[in-house]
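Read-outs throughout are calculated quantities, based only on the coordinates presented, and are distinct from any laboratory measurement. All values derive from a computational prediction rather than experimental measurement. Methodologically, a virtual Cβ is constructed for each residue, glycine included, from the backbone with ideal geometry; neighbour enumeration extends over all protein chains shown.
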Amino acid sequence: MEARFSLRLESGPDAGRAIQIPIEGITVGRRPENKLVLADTSVSGKHAELRVGADGVVLRDLGSTNGTFVGAARIVEHTLKPGEKIRFGSVQAVFQDAREPLAGAQTAGTLEDELAGEITLEEHDPPAASSAPVRAPAAPAPGLARTSYVQMGDGPELRPAARQPQESAAPRADASQAGEGLGELSDERLSRADREKRPLATIAVSALLLLAAGGAALWYRSRLTGSASSANNAPVAPAGNLLGGSYSFEGDAAAAGWSGADGASQTLFPELTAARSGRSALVASLGANEWALSSATPVAVMPRRALVLRAAVRRSGGVEARVGVRLIGADDQHPPLQAWSVPIVVGEDWTPVELSLPVLPGWDRAAVQLAARGAESGGRAAFDDVALLQVEEQVPPAAESGDYKLYWLGDARAGAVLMRVEQWIAAGFALAAAQDVPAGYPPRTANATARGGDGMALSFGALDGERELAWLVNPNSAKQGLATIGPGGYRARQREFEATPTTSVLVGSGYQMVRLSWSEPLPLRGSPVEGGYRFTVATPAPFELSLQLSFKDDRVLATRAADAAREAEKAGRLGECMRGWGELLSKWPFEEALVKEAEASRARLAQRGQEAVGAIEADLERADFFALEELYLQCEQKARALVDAYAGSELGLLAQAAAERAANSARTAGRGMRGTDIERLRAIRIALPAQGRLAALLDEALRQAPPEGGS
């Protein structure tokens with residue numbers, strides 16, 4: 001026995017399938033344990049349930065991510081009426097009741113098709129023979145039905161109700177039954193009257209039917225799209241559109257090739273709404289702080305040509321909407337690049353958006369992205385007529401300097417790429433608000449400009465809240481060399497490091513080196529990641545980042561500094577030597593050989609100085625044991641020599657401290673000696689050999705000691 005209630009799926013691979021709703025009800029979701037399994041990413045694991053009760057079927061949402069809708073309204077619980085349209089995420093269905101006519105309503109393709117079936121004028125019968133009585137008009141053919149349109153739920157959609165065959169008109173009474181006193185009409189007069197009236201009647205009926213058809217069509221289109229003009233604007237994809245059939249989101253495959261982002265609050269799905277062209281657009285209904293992001297299937301693109309993304313965007317309430325393109329590398333040496341349009345945050349009309357970006361060597365695929373987010377209040381976002389085109393002309397660089405070119409990605413300055421000839425050096429460079437939006441949604445970025453010439457400079461505008469500037473270094477450049485310079489000096493980097501005050505970052509080596517610098521020390525973090533090495537710096541706003549790309553003059557200065565450091569070491573001025581190598585590392589670390597020599601020399605001299613200071617410290621401990629002035633004076637002399645050698649360095653300061661300690665101890669040695677101190681020295685003297693400098697010093701100290709019982 002068939003159930004009274006059922007669902008008919010209207011989208012997806014099972015479109016047209018009817019699912020019975022038994023008395024115990026069903027659950028709907030993506031997981032296999034549901035009675036109705038919908039394998040669509042917009043559907044939650046356990047999305048909704050339908051329960052049969054005394055009042056009919058109750059539809060209840062089970063906390064789904066993308067919501068359950070009846071018509072255009074998102075519901076928590078709703079008692080269904082026959083013919084109401086339901087949407088689970090982006091999967092559409094119609095509720096049917098076998099006892100109601102709407103349960104068998106057929107879905108018409110277009111209103112024009114239905115009206116064409118109605119406005120069918122039948123040929124009149126030829127005049128009857130003069131002896132025949134007056135006959136009633138012929139009944140319509142049994143197959144001819146009259147169609148009416150009904151609104152489905154609270155939404156903007158209209159569906160044709162079931163065609164009901166017209167009842168045959170009751171036969172007219174012939175003249176003999178027309179009533180008393182009417183008399184009889186001759187056949188000739190009846191025939192003539194019929195011929196005179198028939199053309200006028202035909203014209204009148206035709207005109208009325210045409211007017212009714214036109215009015216119904218306009219009303220239907222107005223309800224469907226919000227305006228007659230938009231419905232008349234049939235979608236026409238531009239030539240060369242790389243997105244193919246998903247241009248205007250029409251038909252059963254409207255959302256084919258589009259997928260939602262992991263972690264998104266909502267999903268964009270096709271909806272019969274105020275489309276810019278055709279009948280549907282890609283839509284998301286967003287609450288406060290909810291967001292949606294959908295990506296098209298990546299398409300192949302050609303390098304050294306520009307991509308142009310065109311779309312129509314509409315938003316309402318507190319929603320912002322934007323479009324973007326994600327460039328995908330040909331291998332793991334080329335990271336994904338992201339370009340975004342400026343977010344649309346005001347106005348509720350359709351807004352045309354166009355975004356141009358370069359396709360650089362090493363990137364060969366592109367995926368269009370559509371994103372929307374609700375702020376403190378929610379609203380709706382709609383996207384229509386999305387086209388991705390590739391043109392011959394490349395987007396010009398934002399700045400140039402020698403072999404280097406910098407390209408911005410997108411109107412929102414979502415990033416930039418620094419290229420040297422056809423190799424990328426670094427990518428990123430978007431000054432973004434930290435922790436401003438949910439992970440996965442494009443952050444707010446500061447407006448930025450770039451200038452070239454002798455090097456490059458990137459200037460970033462104001463941006464509220466905490467800000468971060470991040471960029472990724474090419475893995476090949478990172479292997480050649482990575483270093484930072486700050487108040488703590490020059491530091492080579494390859495591993496992860498925490499926030500460190502920094503003023504410069506060095507990338508690469510030799511003639512492929514790039515120096516990124518800013519005016520004051522800022523906390524910089526770094527870590528190796530997939531596809532390169534990532535730097536992140538917390539910045540003020542406005543902020544300027546300088547890129548040094550040529551080092552010809554600096555290499556001359558570095559050579560001079562190296563020569564001076566070598567001469568200082570030969571002359572024994574070790575502190576001056578260390579300062580010279582340190583200056584080379586902080587100002588001119590551009591020749592790999594000189595950098596290695598500077599680091600090795602500084603390490604060698606530092607170790608030698610530390611060992612010398614350590615030896616003096618050991619001598620001072622021995623002098624403290626004997627408390628002999630002469631020993632302290634020897635320690636002071638050694639320390640003073642070390643101070644002269646390492647003057648101006650940290651080791652020189654350590655040697656100075658040791659010298660001062662030795663001098664102070666020498667001044668107080670032997671004074672206030674007690675009897676126990678004298679006995680200790682005598683015992684030490686007995687243990688020492690008869691000869692030796694130390695024994696002589698000890699004998700002299702004992703002779704000068706006060707007699708027993710003295711102070």
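Taking a Cβ cut-off of under 14 Å around ALA372, the surrounding Lys, Arg, Asp and Glu residues balance to a net charge of 0, with basic ones at +1 and acidic ones at -1.
All C-alpha to C-alpha distances of region 553-668, sorted into 5 Å bins beginning at zero, yield P(r) values of 2, 13, 20, 17, 13, 10, 8, 6, 5, 3, 1, 0 percent in whole numbers.
If you stretched the chain out fully between ALA657 and ALA239, how much longer would it get, using 0.36 nm times the residue separation minus the C-alpha to C-alpha distance?
Details: separation 418, 0.36 × 418 = 150.48 nm, distance 8.17 nm.
Roughly 142.3 nm would be gained on extension.
The residues packed around ALA398, meaning those with a beta-carbon under 12 Å from its beta-carbon, carry a net charge of +2 if Lys and Arg are +1 and Asp and Glu are -1.
What does the charge count near SER265 come to, summing +1 for each Lys or Arg and -1 for each Asp or Glu among other residues with Cβ under 10 Å from its Cβ?
Working: positive: ARG373; negative: GLU290.
Counting the neighbours of SER265, the net charge comes to 0.
Just in region 455-518: which trypsin sites (Lys or Arg not before Pro) are loop by DSSP and have at most 10 other Cβ atoms within 10 Å?
Loop-located and lightly packed - ARG495.
Round to the nearest 0.05 the FRET efficiency obtained for ALA39 and MET302 when R0 = 30 Å and r is the Cβ-Cβ distance. Present the calculation step by step, with values, prior to reporting the outcome.
Values: r = 35 Å, r/R0 = 1.17.
According to the calculation, E is roughly 0.30.
Applying a 10 Å radius around every beta-carbon, put 606-612, 355-361 in order of their mean neighbour count, most first.
Order by mean packing, descending: 355-361, 606-612.
Here the Karplus curve 6.51 cos²θ - 1.76 cosθ + 1.60, taken at θ = phi - 60°, turns the phi angles of region 439-455 into couplings of 4, x, 9, x, x, 6, 10, 6, 5, 9, 9, 9, 9, x, x, 7, x Hz, with x standing for Gly and Pro.
Within region 327-433, the GluC sites (Glu not before Pro) that combine a DSSP coil assignment with at most 16 other C-beta atoms in a 10 angstrom radius are GLU348, GLU376, GLU392, GLU393, GLU422. In this simple spin-label model, placing a label point 7 Å from the Cα along the Cα-to-Cβ direction at both ARG365 and ASP332 gives a separation of 1.6 nm. Taken along the Cα-to-beta-carbon direction at a fixed 7 Å, the label points for ILE23 and ALA439 span 5.0 nm. Couplings 3J(HN,Hα) for region 528-536, derived from phi with the Karplus relation 6.51 cos²θ - 1.76 cosθ + 1.60 (θ = phi - 60°), are x, 9, 5, x, x, 10, 9, 10, 9 Hz, where x marks Gly and Pro. For region 5-104, the share of DSSP beta bridges that are antiparallel, to the nearest 5, is 95%. Normalising the average separation of contacting C-alpha pairs (under 8 angstrom, six or more residues apart) by the number of residues puts the relative contact order of region 596-674 at 33 percent. Short-range pairs are left out: with C-alpha atoms under 8 Å and at least six residues apart, the relative contact order of region 5-104 is 25 percent.
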